[in-house]
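A quick write-up on the structure given underneath.
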Amino acid sequence: DAGITQSPRHKVTETGTPVTLRCHQTENHRYMYWYRQDPGHGLRLIHYSYGVKDTDKGEVSDGYSVSRSKTEDFLLTLESATSSQTSVYFCAISEPPRNTEAFFGQGTRLTVV
Amino acid sequence: AQSVTQLDSQVPVFEEAPVELRCNYSSSVSVYLFWYVQYPNQGLQLLLKYLSGSTLVKGINGFEAEFNKSQTSFHLRKPSVHISDTAEYFCAVSDPPAFSGGYNKLIFGAGTRLAVHP
């Protein structure tokens, strides 16, 4: 398995509170991604990054921000959590041309009550 | 924008029977195609990928898929399934990294839940 660790693995939080999810990789891959998984939608891209301090928005970025101060860490922040952000969040990494696919972490299940 | 349609949300099948999971994608000049599998409470694992070349690609666990450019399809098949194949399967497409700034930004289908019964 690719060296990707997501933390926490499970979290329950209240509406309106800030939440930060962490993705840590030991593969020295430059490209990192955050996806959310919802029934009937598969996975959708939230934000992605190429290297330190280089990030961009994906398909469903509203309500989310990211930061990448080190190559190995990619943080996803929900500034003010809403019930619609209840989901399973996956981090992924890639490093073309060495790898032509993305490798995924184990996921974080977030419940906003 | 790219899109992926997985035509069946659930596929029940008996053990040792063949199975086909269908996937269609929106047309593009050049695409990479992937099938990922997700076992309960786990992340996604790559089953197989099509980048170029032979249209029949073989993956892990006895799965294979055929790329059909004229029908924009990438159906996944296995000749004989096992109970352990019970999982959710995702088809995904991306632009080749050379066309997307090096990124492998995946567009996923909604998933197909394969249930193998004894």
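The values are calculated or read from the model by the stated rules, or taken from the named source; none is laboratory data. Source: prediction; values computed, not measured. All Cβ positions, glycine included, derive from the backbone under ideal geometry; neighbour counts span all protein chains shown. Calculation scope for accessible area: heavy atoms of the full protein, side chains included, ligands and nucleic acids excluded. Shrake-Rupley method; radii C 1.70, N 1.55, O 1.52, S 1.80 Å.
Observations
- The one condition in (1) within 11 Å of another protein chain (Cβ to nearest Cβ); (2) at pLDDT below 95; (3) open to solvent by 60 Å² or more (accessible area, probe 1.4 Å) that residue A:94 fails to fulfil: (3)
- Hits in region B:83-118 (condition: part of a loop (DSSP other than H, G, I, E, B) and in contact (Cβ under 8 Å) with a residue 12 or more places away in the chain): B:86, B:95, B:96, B:104, B:106, B:109, B:110, B:111, B:118
- Here residue A:41 clears all of (1) open to solvent by less than 30 Å² (accessible area, probe 1.4 Å); (2) out of contact with any Leu (no Cβ under 6 Å at 6 or more places or on another chain); (3) within 9 Å of chain B (Cβ to nearest Cβ) except the condition numbered (1).
- Top-ranked residue of region A:44-56 - restricted to ones that are open to solvent by 20 Å² or more (accessible area, probe 1.4 Å) and among the β-branched types (Val, Ile, Thr), ranked as nearest to the other protein chains (Cβ to nearest Cβ): A:55
- Of all residues in region B:82-89, at least one satisfies being open to solvent by less than 20 Å² (accessible area, probe 1.4 Å) and charged (D, E, K, R).
- Unmet criterion (only one of (1) within 22 Å of residue B:9 (Cβ to Cβ); (2) surrounded by fewer than 23 Cβ atoms within 10 Å (Cβ to Cβ)) for residue B:67: (1)
- Residues that are more than 30 Å from residue A:109 (Cβ to Cβ) and either open to solvent by less than 30 Å² (accessible area, probe 1.4 Å) or free of Cβ contacts under 8 Å to residues at least 12 places away in the same chain (or both) within region B:34-51 comprise just one, B:50.
- Among the residues of region B:42-98, those that are at the interface with chain A (Cβ under 9 Å from one of its Cβ atoms) and of a type outside the set (Gly, Ala, Ser) comprise B:42, B:44, B:45, B:46, B:49, B:51, B:90, B:91, B:96, B:97.
- Being open to solvent by less than 60 Å² (accessible area, probe 1.4 Å) and either under 24 Å from residue B:89 (Cα atoms) or in a strand (DSSP E or B) (or both) is a property that residue A:101 has.
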